[in-house]
Amino acid sequence: MKNYRIAVIPGDGIGIEVMREGIKVLESVSQLTGDLQFSFDHYDWSCEYYAKNGVMMPKDGLKRLEAYDAILLGAVGYPGVPDHISLRELLLEIRQGFDQYINLRPIKLLPHVQCPVIGQTPETVDMVFIRENTEGEYAGAGGIFRETSPEACAVQSSIFTRRTTEKVMRYAFELARKRGKYHKLTSVTKSNALNYSMVFWDHIFDELASEYADVQTEQCHVDAMAMYMIQRPQDFDVVVASNLFGDILTDLGAALQGGLGFAAGANINPERKYPSMFEPVHGSAPQIAGRGIANPMAMIWTVKMMLDFLGHESYGECVLSAMMKVLADPNAITPDLGGKGTTASVGDAICRQLHML
Ligand code: NAD
Ligand code: IPM
Ligand code: MN
């Protein structure tokens, strides 16, 4: 019997709602397999916590998370607390503090899900983004100077270290080698304008490309990439991008796969020196929070990614199969997909399917 200790941070808004379903699914997996157990410790670090305590998490927050096998996070951010505080002091603090420099985000259209781009199918929309997750524009370096004067200016520096850039690219090349599609890696760049950071990025990419000669490579400027992802998503297999570009393009990718309700993600520290954190791509969606209609598929797919990471890919595949069975029933799905299902009814239906597999 393998017992995993999981830290659960539901966060805010629909983060709390979809987390319940993610945990339900893990409990079903545990019951079904009989050889996996999860013990969940819940942490109420969130905007509500901030309102009470003036901080998003306690000072020793990272220390308290350090010994877990994994962290599950719902979503953070709610009106009333400025986003740069809620996100920097919790989500980004964990990603950066635990050196989770890989952000793995699959973009895959599942059967029965409508793609807004005409003619796309599960065969044509099937790629994985590797987003650098600790540096770039998110490094937090800069300042606002003389804000009240007419000479006011703001500087937001982006930082690219060789160490992290190279590790992220190697991870992406290795994945392109492993994935069965085209053994192809696309690097997102913008070296026509960003003459330091992206030129540096391109040099490292070129260097590694000659080491991974069996992997087909392509370099696309981020603006063109946004267009190509709509025009010819079938051409992309593994994509590597800097933090900000990866952030933007993975929301575009989410649209291709049927919306943010499907976009799953993993923040990985590949050395396993620190715990990795699993969270859907979407936010706390204040407009729909509290109504029980958020699509929990992204969270449940995220749970599948956690199972994969823990070495239980076959159980991960079962979760994905159960999701696909539920998607086949137009009455079962949530309103974002045109159905009348609720967050809880979708979670329940997936658990029922798991028990029938
Ligand atoms: P959002 O992802 O919360 O919502 C964008 C749109 O997608 C909204 O229309 C929302 O209703 C819809 N949506 C998102 N997830 C959905 C789901 N599971 N089912 C159905 N519809 C879904 O992004 P936003 O509105 O830009 O941000 C809201 C808050 O969340 C902000 O505070 C933001 O900073 C934060 N945020 C947090 C995370 C995170 O914690 N990982 C990620 C993104 C945004
Ligand atoms: C994401 C989110 C975060 C990011 C925000 C909320 C800080 O948009 O996980 O994609 O930009 O990384
Ligand atoms: Mn984002």
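A short reminder: the numbers here are calculations on the coordinates, not readings from a lab. All values derive from a computational prediction rather than experimental measurement. Note: ideal-geometry Cβ built from the backbone for every residue, glycine included; neighbour counts use all protein chains shown.
Worth a mention:
- Interchain or long-range residues, amide H under 5 Å from residue 187's placed H: 218, 219, 220, 240
- The chain - share of DSSP beta bridges that are antiparallel (%, nearest 5): 40 percent
- The chain: calculated mean residue ellipticity at 222 nm from DSSP helix runs of at least 4, using -39500 (n - 2.57): -12000 deg cm²/dmol
- Packing-based exposure ordering (other Cβ within 10 Å, fewest first) of 306, 299, 229: 229, 306, 299
- Whole-number D in µm² s⁻¹ for region 114-256, Kirkwood Cα-pair radius fed into Stokes-Einstein, 25 °C, 0.890 mPa s: 151 µm²/s
- Sequence-distant residues sharing a close amide H with residue 125 (under 5 Å, placed H): 109
- Per-residue ³J(HN,Hα) for region 43-51, Karplus 6.51 cos²θ - 1.76 cosθ + 1.60, θ = phi - 60°, Hz, x for Gly and Pro: 10, 8, 5, 5, 5, 5, 4, 4, 4
- Amide proton proximity set for residue 8, modelled H, under 5 Å, gap of 5+: 41, 42, 43, 72
- Residue pairs, from the table 181/340; 52/190; 52/167; 24/181; 178/325; 63/340, whose Cα atoms sit over 31 Å apart: 181/340; 52/190; 52/167; 24/181; 63/340
- Whole-angstrom gap from region 4-21 to region 253-273, using each part's C-alpha centre: 16 Å
- Isotropically averaged projected area of the chain, using the convex hull of Cα atoms (one quarter of hull area), nm²: 18.9 nm²
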